[in-house]
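Reading through the structure tokens given below for one structure.
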Amino acid sequence: MAVNPGGNVYVTNFGSGTVSVINPATNTVTGSPITVGTAPTGVAVNPVTGEVYVTNFAGDTVSVIS
């Protein structure tokens with residue numbers, strides 16, 4: 001999991017190939033999960049740009065969420 005500069009928490013969903021965004025103030029999922037690659041595992045946030053980087057284990061790829 002990773003936290004962006006705005007405070008949102010990004011969590012990978014390995015089985016569904018998605019990332020969920022959680023608002024920690026309300027402890028709720030914001031919107032629909034974001035589709036990324038196959039079997040996402042790691043997630044990191046660039047604190048300057050706010051971009052979210054997701055490593056996809058089965059696809060050997062990196063997805064970028066802007």
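A2 satisfies every condition listed in (1) surrounded by 13 or more Cβ atoms within 10 Å (Cβ to Cβ); (2) out of contact with any Phe, Trp or Tyr (no Cβ under 6 Å at 6 or more places or on another chain); (3) not β-branched (V, I, T) except (2).
Of all the criteria given as (1) in contact with a Pro (Cβ under 9 Å, 6 or more places away or on another chain); (2) at pLDDT 95 or above, the one not satisfied by G15 is (1). If a residue must be surrounded by fewer than 16 Cβ atoms within 10 Å (Cβ to Cβ), over 23 Å from G7 (Cβ atoms) and modelled with pLDDT of 95 or more, how many such residues does segment 42-66 contain? Residues meeting the conditions: 5.
Scan segment 50-64 residue by residue and report those that are among the β-branched types (V, I, T) and in contact (Cβ under 8 Å) with a residue 40 or more places away in the chain. Working first, answer last.
Kept after step one, since they are among the β-branched types (V, I, T), are these residues of segment 50-64: 52, 54-55, 61-62, 64.
V52, V54, listed by residue number.
The set of residues in segment 6-33 being under 14 Å from V43 (Cα atoms) and in contact (Cβ under 8 Å) with a residue 40 or more places away in the chain consists of Y10, T12, F14, V19.
What is the residue count in segment 9-34 for residues that are surrounded by 13 or more Cβ atoms within 10 Å (Cβ to Cβ), among the polar types (S, T, N, Q) and part of a strand (DSSP E or B)? Even if it seems obvious, please write down each step before you answer.
Filtering segment 9-34 for residues surrounded by 13 or more Cβ atoms within 10 Å (Cβ to Cβ) gives 9-14, 16-23, 29, 33-34.
Narrowing the set further to residues that are among the polar types (S, T, N, Q) leaves 12-13, 16, 18, 20, 23.
Cutting the leftovers down to part of a strand (DSSP E or B) gives us 12-13, 18, 20, 23.
So the answer is 5.
The values are calculated or read from the model by the stated rules, or taken from the named source; none is laboratory data. The structure displayed is predicted, hence computed values, not measured ones. Virtual Cβ from ideal backbone geometry, glycine too; neighbours counted across all protein chains shown.
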